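Data first, discussion second: the structure below is written as structure tokens.
The values are calculated or read from the model by the stated rules, or taken from the named source; none is laboratory data. Everything numeric here is computed off the predicted structure, so don't read it as measured data. Here the Cβ positions follow ideal geometry from the backbone for every residue, glycine too, while neighbour counts run over all protein chains shown. Ligands, DNA and RNA are stripped out before the accessible areas are found, and what is left, the full protein with its side chains, is counted by its heavy atoms. Shrake-Rupley method; radii C 1.70, N 1.55, O 1.52, S 1.80 Å.
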Amino acid sequence: MNIREKILIIEDEKSIAQFISAVLSGQGYETIQARTAKEGLSMLASHCPDLVILDLGLPDMDGMDILRQLRSWSSLPVVVVSARSHERDKVAALDQGADDYLTKPFGTGELLARVRTAIRHTRTASSNDGVARQGIYTVGELSIDFNKHQALVRGENVKLTLSEFRIVALLARHAGKVLTYDFIIKELWGPRAGSGNQILRVNMANIRRKIEKNPAEPEYFFTEVGVGYRLAEGDS
Ligand code: CA
């Protein structure tokens, strides 16, 4: 199997676009570039990319507007790259349907990891392969068995409450990706749940206490301050 993903880079700064393109090409991805939002939208429709790298600060339109337009007709993975480092900007982009968010400047390793994760999720969703089929997610010494509703550390069953397990399972289904507080709360407790994340924080503290060797320096459950949580991605 040798699928070569096509990645559209929508970025007005030529040097950054060239850098991203060189990094991705070096890993065997095919890349195309758009310098404006208008060009990006037209290439989205005409070139059918597999993934989009989207800058938010574009000369003719805000990247968030591209994201909104795209999400009205497509679930194509989008990794936002932006100089905007405010938590509210990340939350807004993720809630608007971005798959991931990278703050400039970022390293090559980070960029490639986010791209791989976003592509893997699409493949998993479309082929019902890997994680979903086996029903078990493993990262390091942690395994999550979706069918048996169990979390195991070094083969030992961890006693989680139902809420704790549901949070763990949700993060595992989206491993490697930041889920916003709001998204997790709505998935767990329904669309009418309040937006306060106190209950979620308490649950996460309990999850870490039960699973992490050192809850203050987690190996598995990471906090993106002011944004949400991310579960470390497995090796497979
Ligand atoms: Ca820009």
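Mind counting the residues in region 1-21 that are away from the ligand (no atom under 16 Å from the Cβ), out of contact with any Ser or Thr (no Cβ under 8 Å at 6 or more places or on another chain) and either within 16 Å of Val81 (Cα to Cα) or not hydrophobic (A, V, I, L, M, F, W, C) (or both)?
The number of residues fulfilling the criteria is 3.
Residues Asp100, Asp89: which one is away from the ligand (no atom under 16 Å from the Cβ) and within 17 Å of the chain's Cα centre (by Cα)?
Matching residue, one of Asp100, Asp89: Asp100.
Every residue in region 201-236 that is under 22 Å from Tyr137 (Cα atoms) and hydrophobic (A, V, I, L, M, F, W, C), please.
Within region 201-236, Met204, Ala205, Ile207, Ile211, Phe221, Phe222, Leu231, Ala232 meet the criteria.
When you scan region 87-110, how many residues do you find that are within 11 Å of Glu224 (Cβ to Cβ) and of a type in the set (Phe, Trp, Tyr)?
The total comes to 1.
Counting only residues that are open to solvent by 10 Å² or more (accessible area, probe 1.4 Å), away from the ligand (no atom under 14 Å from the Cβ) and closer than 19 Å to Arg114 by Cα, how many does region 72-83 have?
Going through region 72-83, the residues open to solvent by 10 Å² or more (accessible area, probe 1.4 Å) turn out to be 72-76, 83.
The next check asks that each one be away from the ligand (no atom under 14 Å from the Cβ); those that pass are 72-76.
Retained after the next criterion (residues that are closer than 19 Å to Arg114 by Cα): 75-76.
Residues meeting the conditions: 2.
Can you pull out every residue in region 7-30 that is part of a strand (DSSP E or B) and either within 21 Å of Thr103 (Cβ to Cβ) or without any contact (Cβ under 8 Å) to a residue 12 or more places away in the chain (or both)?
Selection gives Ile7, Leu8, Ile9, Ile10.
Any residue that is more than 16 Å from the ligand (Cβ to nearest atom), hydroxyl-bearing (Ser, Thr, Tyr), within 22 Å of Ser21 (Cα to Cα) and open to solvent by less than 20 Å² (accessible area, probe 1.4 Å) - is there at least one of those in region 106-121?
Yes - at least one qualifying residue is present in region 106-121.
So Lys177 clears everything in (1) surrounded by 18 or more Cβ atoms within 10 Å (Cβ to Cβ); (2) part of a loop (DSSP other than H, G, I, E, B); (3) without any contact (Cβ under 8 Å) to a residue 60 or more places away in the chain except one condition, right? Which one?
Of (1) surrounded by 18 or more Cβ atoms within 10 Å (Cβ to Cβ); (2) part of a loop (DSSP other than H, G, I, E, B); (3) without any contact (Cβ under 8 Å) to a residue 60 or more places away in the chain, only one is false for Lys177: (3).
Are any residues in region 1-14 at pLDDT 95 or above and not basic (Lys, Arg), and if so, which ones?
Within region 1-14, Ile7, Leu8, Ile9, Ile10, Glu11, Asp12, Glu13 meet the criteria.
Considering every residue within region 184-206, establish whether at least one is of a type in the set (Lys, Arg), buried (at least 17 other Cβ atoms within 10 Å of the Cβ) and without any contact (Cβ under 8 Å) to a residue 60 or more places away in the chain. I'd like the intermediate steps shown before the answer.
We begin by selecting, within region 184-206, every residue of a type in the set (Lys, Arg); these are 186, 192, 201.
Those left that are additionally buried (at least 17 other Cβ atoms within 10 Å of the Cβ): none.
No: region 184-206 contains no residue that is of a type in the set (Lys, Arg), buried (at least 17 other Cβ atoms within 10 Å of the Cβ) and without any contact (Cβ under 8 Å) to a residue 60 or more places away in the chain.
Residues of region 33-62 being in a strand (DSSP E or B), open to solvent by 10 Å² or more (accessible area, probe 1.4 Å) and among the small types (Gly, Ala, Ser), which ones?
The one that is in a strand (DSSP E or B), open to solvent by 10 Å² or more (accessible area, probe 1.4 Å) and among the small types (Gly, Ala, Ser): Gly57.
Among the residues of region 22-71, which ones are among the hydrophobic types (A, V, I, L, M, F, W, C) and within 14 Å of the ligand (Cβ to nearest atom)?
Ala34, Ala37, Ile53, Leu54, Leu56, Leu58, Met61, Met64, Ile66
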